[in-house]
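Everything below concerns the one structure shown next.
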Amino acid sequence: MKYISTRGRMEPVGFQDAVMTGLAPDGGLLLPEHLPDVADKLQDWAELSYTELAFEVMSLFATDIPPADLAELVTDSYAAFDHPEVAPCVEVGDFQILELFHGPTLAFKDVALQFLGNLFSYILEHRGGRLNILGATSGDTGSAAIHGVRGKPNINIFIMHPAGRTSPLQEKQMTSVLDANVFNLAVAGTFDDCQHIMKTTFGDVDFKAEHSLGSVNSVNWARVLAQTVYFFYSAFRTMEKTGAESVQFSVPTGNFGDILAGYLAQRMGLPISKLILATNENDILSRFFNSGVYGMTNVVPTLSPSMDIQVASNFERYLYYKVGQDAEKLTALMSGFTQTGDLCIELDEHSVVDELFVAGRGDTEATMATIRKYHEQYGYVLDPHTAVGVYVAEQHRSDIAPTICLATAHPAKFTQAIVDAIGEEVHHPTLDALADAETRCDSIANDIDAVKAYLVEKI
């Protein structure tokens, strides 16, 4: 399997090169040259454990890694999860809740980043060299990435987060990791500012090469690949439980990476009838799927900080397919967006952008009400991000396809929001252990040159 850029200006590369490249040199995002059709494999895959399924899915894309090595990487990556299923489904009311928070940092990002961290180590061990990871986080990506590579030889990790705009526990999870190869940067700005600094730095091809920069953000193809697995896994379990022939997923999203994984799974042959896209007040994505207009506004801080994003980095991958895999057309759209802050796609004959998608928004009031409702009626506590997804899912129920709602983080990570919603705290021993932990973090200006200088100094 070879990988190409959405902008069409790089030679195809293998899987390992795609992982180490992160953002393409032409500014685009990497995608496989083709998506395999797995419809004839679904019946056999439905019987597999999570790790067995992950190996089968990933082996179609990681064709330059020997199967025995890939199997070991997958097994090692999910050994750190505290549930035997890795990503179990729990029936709550009318929905199946896909719990993706059983990894080391209690967030769905662990599913991909435990694998990516081991993958980086494997590639460096076989190829030699060093890797300096530069990432931006709105909440959970940073801690998951740090825990994926902490202490690993020949790797440094630099994570930027918007100062004061992540939850206190999310920040503590990052800054309490004191390994010598871990650097946290509190940027005086928003997540979009952090992401802009990251993308611009990667766009400096000479600087990137000179300092061996790599990416763990969802621009890295391996992240998206790892996330496709739990769409297959939960669909199989739900269809077996209900006897349904298809499912629909509700995905709370800010950067479009998680729901992109579901979109790719559907293109590969998984029977998904609808993808329900849920945003908070930072609703650029839900506005797009309801109007065809992708237009920036100011970022609004919310109870679900991992979704406080206006420029969704994985949206370009979807747009590439939407324009018929026409790299020139995609490049023109993205160039226009960079200049004007918006782009427009024509609606189809049914006045929708894409019949697979429906989209909605859950604001702060709806988020709080949903957390309260599910606690009172079912004794189940949703974190604020998951609550957004459940709230929007309630508006798009299906009599035919059961709905799977992605639970993207453990509620204990959002203490104040949960207390405000249900009047009591939710605890987790992993987080309780952080209460008196020492932290280390450097404050830095919202400035590309300042970040580059910091990287050079620390490297």
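The values are calculated or read from the model by the stated rules, or taken from the named source; none is laboratory data. Since this is a predicted model, take the numbers as computed values, not measurements. All Cβ positions, glycine included, derive from the backbone under ideal geometry; neighbour counts span all protein chains shown. Areas reflect the complete protein model, heavy atoms only, side chains present, ligands, DNA and RNA absent. Shrake-Rupley method; radii C 1.70, N 1.55, O 1.52, S 1.80 Å.
Observations
- Where residue 277 falls short, out of the listed (1) crowded, with 24+ Cβ neighbours inside 10 Å; (2) under 23 Å from residue 60 (Cβ atoms); (3) touching a strand residue (DSSP E or B) at 6+ places or on another chain (Cβ under 6 Å): (2)
- Under the condition of being aliphatic (A, V, I, L, M), outside any loop (DSSP other than H, G, I, E, B) and open to solvent by 30 Å² or more (accessible area, probe 1.4 Å), the residues counted in segment 16-63 number 2.
- Screening segment 67-150 for helices (runs of 4 or more DSSP H) wholly inside it with 1 or more residues that are within 13 Å of the chain's Cα centre (by Cα) returns the ranges 109-127, 140-149.
- Conditions (1) open to solvent by 10 Å² or more (accessible area, probe 1.4 Å); (2) in contact with an Asp or Glu (Cβ under 6 Å, 6 or more places away or on another chain); number of the one not met by residue 75: (2)
- Selection status of residue 10, part of a loop (DSSP other than H, G, I, E, B) and of a type in the set (A, V, I, L, M): yes
- Residue match in segment 6-22 (condition: closer than 14 Å to residue 232 by Cβ, among the basic types (Lys, Arg) and in contact with a helix residue (DSSP H, G or I) (Cβ under 8 Å, 6 or more places away or on another chain)): no
- Residue within segment 4-15 that is surrounded by fewer than 20 Cβ atoms within 10 Å (Cβ to Cβ) and among the polar types (S, T, N, Q) present: no
- Enumeration of residues in segment 105-141 that are at pLDDT below 90 and within 24 Å of residue 429 (Cβ to Cβ): 137, 139, 140, 141
- Residue in segment 393-419 that is nearest to residue 239 (Cα to Cα), counting only those that are out of contact with any helix residue (DSSP H, G or I) (no Cβ under 8 Å at 6 or more places or on another chain) and among the small types (Gly, Ala, Ser): 401
- Failed item in (1) of a type in the set (D, E, K, R); (2) under 28 Å from residue 273 (Cβ atoms); (3) open to solvent by 20 Å² or more (accessible area, probe 1.4 Å), with residue 372 passing the rest: (2)
- For residue 457, the criteria (1) at pLDDT below 95; (2) acidic (Asp, Glu); (3) more than 30 Å from residue 251 (Cα to Cα) hold in every case but one, which is (1).
- For residue 97, the conditions (1) modelled with pLDDT under 95; (2) buried (at least 17 other Cβ atoms within 10 Å of the Cβ); (3) out of contact with any Lys or Arg (no Cβ under 9 Å at 6 or more places or on another chain) all hold with the exception of (1).
For (1) crowded, with 17+ Cβ neighbours inside 10 Å; (2) under 19 Å from the mean Cα position of the chain (by Cα); (3) more than 25 Å from residue 393 (Cα to Cα), each residue gets a yes or a no:
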{"site": "292", "(1), (2), (3)": "yes, no, no"}
{"site": "295", "(1), (2), (3)": "no, no, no"}
{"site": "300", "(1), (2), (3)": "no, no, no"}
{"site": "311", "(1), (2), (3)": "yes, yes, no"}
{"site": "320", "(1), (2), (3)": "yes, yes, yes"}
{"site": "327", "(1), (2), (3)": "yes, no, yes"}
{"site": "340", "(1), (2), (3)": "no, no, yes"}
{"site": "348", "(1), (2), (3)": "no, no, no"}
{"site": "351", "(1), (2), (3)": "no, no, no"}
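- Residues of segment 255-279 that are under 11 Å from the mean Cα position of the chain (by Cα) and either of a type in the set (S, T, N, Q) or part of a strand (DSSP E or B) (or both): 255 alone.
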